[in-house]
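Q: Got a structure for you, questions after.
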Amino acid sequence: MSDKTYFEAIPAEDCWQLLHAQGVGRIAWANSEGITILPVNHAVVEDGIIIRTTPTGLLGELAHDVTVAFQIDDVDTETQIAWSVLVRGRARELTEAERADRSMTIPEPWAGGERNLLLRISVEQISGRVLSGE
């Protein structure tokens with residue numbers, strides 16, 4: 001890495017813009033098997049993140065108010081510029097009222113099969129970092 005390496009924070013407003021611009025991230029939580037991290041496609045709504053999954057899979061564990069971390073990032077090895085946005089919060093199943101809200105963006109699942117469990121991550125903390133090796 002170059003002597004001109006820099007590392008700086010991304011302002012919260014820019015973190016939100018990056019969350020809106022990316023369609024795929026990783027969600028992490030602790031369960032009986034240890035720390036689990038899975039890629040998911042998502043949508044951003046107001047102060048939260050929506051994920052669509054199946055209630056019988058690993059992500060189904062998140063329907064009951066679970067502490068999670070959610071991350072998106074981008075790495076360009078050619079230019080040696082990378083950024084990352086980290087969200088900390090709680091995941092839970094959407095309420096019936098939230099499910100009925102037609103203005104809410106619901107992501108289309110990439111995986112096949114029935115995906116009728118809608119999860120919302122309430123964002124409690126958001127932070128971002130950019131790294132450059134120039």
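Q: Within the stretch 103-134, find all residues whose amide N lies under 17 Å from a label point positioned 7 Å from the Cα of residue 82 along Cα-to-beta-carbon.
A: 128-134
Q: Let me ask another. Taking the full set of protein chains and a 1.4 angstrom probe, give the accessible area of residue 7 in square angstrom, rounded to the nearest 10.
A: For residue 7, the solvent-accessible surface is approximately 140 Å².
Q: Give the long-range amide H neighbours of residue 22: residues separated by 5 or more places, or on another chain, with amide H under 5 Å away, using H modelled in the peptide plane at 1.01 Å from N.
A: none
Q: Estimate the FRET efficiency between residue 130 and residue 45 by the formula 1/(1 + (r/R0)^6), using the beta-carbon distance for r and 35 Å for R0, to the nearest 0.05.
A: It comes to 0.90.
Q: Let me ask something else about it. Taking Cα centroids, how far is the stretch 56-99 from the stretch 13-34 in Å?
A: About 3 Å separates the Cα centre of the stretch 56-99 from the one of the stretch 13-34.
Q: Stretch residue 99-residue 20 to full length: gain in nm at 0.36 nm per residue minus the Cα-Cα span? Please report the intermediate quantities before stating the final value.
A: Working: separation 79, 0.36 × 79 = 28.44 nm, distance 2.00 nm.
Computed gain between residue 99 and residue 20 is 26.4 nm.
Q: Then there is this: Treating the beta-carbon of each Lys and Arg as +1 and of each Asp and Glu as -1, no other charges, what is the dipole magnitude of the stretch 55-134 about its Cα centre, to the nearest 20 debye? Could the numbers behind the result be given before it?
A: Details: 8 positive and 14 negative charges, 62 e Å.
Approximately 300 debye in magnitude.
Q: Rounding to the nearest 10 and keeping the result within 0 to 90°, find how far the Cα-based axis of helix 12-21 lies from the longest principal axis of the chain.
A: For helix 12-21, the angle is close to 70 degrees.
Q: Shape of the stretch 1-57 from its Cα gyration tensor (a ≥ b ≥ c, root eigenvalues): rounded if a/c is under 1.5, otherwise prolate when a/b > b/c, or oblate? Intermediate values should be presented prior to the final figure.
A: Values: a/c = 2.78, a/b = 1.47, b/c = 1.89.
Oblate.
Q: Starting at the first residue of the stretch 83-98, write each ³J(HN,Hα) from the Karplus equation 6.51 cos²θ - 1.76 cosθ + 1.60 with θ = phi - 60°, in whole Hz, x for Gly and Pro.
A: Calculated HN-Hα couplings, in order: 9, 8, 10, 10, 10, 10, x, 10, 9, 7, 6, 5, 6, 4, 4, 5 Hz.
The values are calculated or read from the model by the stated rules, or taken from the named source; none is laboratory data. Since this is a predicted model, take the numbers as computed values, not measurements. No Cβ is skipped: glycine too gets one built from the backbone with ideal geometry, and neighbour counts run over all protein chains shown. Quick note on the areas: whole protein, heavy atoms, side chains included, nothing else; ligands and nucleic acids left out. Shrake-Rupley method; radii C 1.70, N 1.55, O 1.52, S 1.80 Å.
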